[in-house]
Structure formats: structure tokens, C-alpha cells
Amino acid sequence: MLKVNDIFHSIQGEGVFAGQLTTFIRLSGCNVKCNIKKFCDTDYNSGELLSEDYILSKIKHRIVCITGGEPLEQDIEKLCYTLRANGHQVHLQTSGTIDISKDLYALTNHVVCSPKLPVSKLRLHRCDEIKVVYIGQDINQYYKYGDANNHYIQPLEKEGSYNTNEVLVEMEKHINNKWVLSVQTHKLLGLR
């Protein structure tokens with residue numbers, strides 16, 4: 001049983017897989033007490049206990065993104081194994097505060113770290129993509145983190161407006177790095 005906040009179908013709106021049809025499994029619980037928590041768009045503490053069979057019955061797309069809250073707070077290994085065995089791509093989005101086991105990492109196709117805390121407080125040692133929501137922090141600290149191949153900086157959305165100009169100024173400061181602007185395409189299209 002997993003405590004699930006929501007299961008929904010949309011497109012991946014961010015990063016390497018932007019625009020691809022995806023089923024999202026948003027798990028409940030979040031161990032991060034961060035300064036952008038007040039801007040989170042989901043009540044990560046609410047949810048209901050669901051069986052893995054029930055969760056699997058709700059999967060619609062080949063790509064399945066397990067997100068949260070912090071999905072690594074729950075034991076998702078069996079779910080990931082079953083998803084892979086049924087031909088799904090398993091994507092995981094984490095804040096990086098909990099390390100991923102080698103076995104679980106092997107069951108994923110793509111791991112995204114969206115850090116909300118300084119690198120010194122992160123525990124994840126390996127990821128494919130870093131996505132930093134920019135709120136004025138030093139993004140350079142995340143550049144080589146987790147051996148990520150893809151580095152995204154994303155404007156913060158607050159009540160329909162974005163701090164895009166601040167993000168562009170920050171990107172120019174690190175012009176020799178490979179930071180790429182990421183926008184929440186799904187929100188711009190009016191999708192979930």
C-alpha cells in the first residue's frame with residue numbers, strides 16, 4: 001500500500017521529456033521544510049492508502065512519473081519493478097533529500113532532482129536531470145550535483161506571474177555552464 005495524493009494524466013511539462021504523454025502518481029508526504037513550500041501547488045500531506053494493483057489499474061500512458069511530496073519517503077521499489085515489467089518507463093522526481101538505492105535506481109529510466117535545499121543538505125548521489133526552481137539561490141552549487149547530464153533552471157510561478165527576467169540574469173552569470181531555461185509547459189497550455 002502506498003499513500004497517494006493523486007493519480008492523473010497529462011503531458012510532462014518540464015525538462016528532457018517535455019511534451020510527452022505521462023501518467024503522474026503523486027505520493028503523499030514531504031520532508032522538506034523549504035522557503036518555497038508556501039508556493040507548492042499540492043497538499044502533499046493528504047492522500048489515501050491505495051494498493052499497487054489499484055494504482056496499476058489507473059495507468060494510462062507508457063511514461064509514468066512518480067512524484068510527490070517526496071516519493072522516496074515510501075517504499076516504491078515493488079511498484080517500479082511492476083511498472084517496468086509491464087513495459088512502462090519509470091520517471092522519478094525527488095527533492096534529493098533521500099538517497100536512492102542502487103536497486104531502485106536500476107528500476108527507473110529517468111531521475112529528476114528538484115532541490116529545494118542547499119547541496120550540503122542533499123543526500124541523492126545520482127540523477128539524470130537537475131531542475132532548480134529559481135528563488136534567488138546560487139544555482140552554481142547544483143551544477144555538478146548528482147552527475148546530472150541535464151541542467152534546468154525554472155522560473156517560480158506565483159499567482160500567474162513568473163520571475164523570468166531574474167532567471168535570465170542568473171543564466172547569464174553562468175554562461176559557461178549548460179543551464180537551460182525550463183518552463184512549465186503544461187501550465188501555459190492550461191493542463192494539469
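Scan segment 145-163 for residues that are of a type outside the set (Asp, Glu), under 27 Å from residue 97 (Cβ atoms) and without any contact (Cβ under 8 Å) to a residue 24 or more places away in the chain and jot them down.
Passing the criteria: 149, 162.
Going through segment 44-82 one residue at a time, which ones are assigned to a loop (DSSP other than H, G, I, E, B), surrounded by fewer than 21 Cβ atoms within 10 Å (Cβ to Cβ) and modelled with pLDDT of 95 or more?
Matches in segment 44-82: 51, 58, 59, 60, 61, 62, 74, 75.
Would you point out which residue out of 173, 131 is among the basic types (Lys, Arg) and farther than 23 Å from residue 11 by Cβ?
Numbers: 131 fails: farther than 23 Å from residue 11 by Cβ.
Residue meeting the stated conditions: 173.
Being hydroxyl-bearing (Ser, Thr, Tyr) and assigned to a helix (DSSP H, G or I) is the filter here, so list the residues in segment 112-143 that pass it.
Going through segment 112-143, the residues hydroxyl-bearing (Ser, Thr, Tyr) turn out to be 114, 120, 134, 142-143.
If the condition is that a residue be hydroxyl-bearing (Ser, Thr, Tyr) and assigned to a helix (DSSP H, G or I), then 120, 142 are the ones that fit.
For segment 156-191, how many residues meet the condition of being assigned to a helix (DSSP H, G or I) and under 23 Å from residue 24 (Cα atoms)?
4
Only one residue in 132, 183, 169 is loosely packed, with under 15 Cβ neighbours inside 10 Å and either in contact with a helix residue (DSSP H, G or I) (Cβ under 7 Å, 6 or more places away or on another chain) or farther than 17 Å from residue 111 by Cα (or both). Which one?
Just a single option satisfies the conditions, and that option is 169.
Need the failing condition index for residue 153 against (1) surrounded by fewer than 19 Cβ atoms within 10 Å (Cβ to Cβ); (2) β-branched (Val, Ile, Thr); (3) in contact with a strand residue (DSSP E or B) (Cβ under 9 Å, 6 or more places away or on another chain), just the number.
Of (1) surrounded by fewer than 19 Cβ atoms within 10 Å (Cβ to Cβ); (2) β-branched (Val, Ile, Thr); (3) in contact with a strand residue (DSSP E or B) (Cβ under 9 Å, 6 or more places away or on another chain), only one is false for residue 153: (1).
Anything in segment 83-95 that is surrounded by 16 or more Cβ atoms within 10 Å (Cβ to Cβ) and either at pLDDT 95 or above or part of a strand (DSSP E or B) (or both)? List them, or say none.
83, 84, 88, 89, 90, 91, 92, 93, 94
The values are calculated or read from the model by the stated rules, or taken from the named source; none is laboratory data. As the structure is a computational prediction, the values presented were derived from the model and not from experiment. Note: ideal-geometry Cβ built from the backbone for every residue, glycine included; neighbour counts use all protein chains shown.
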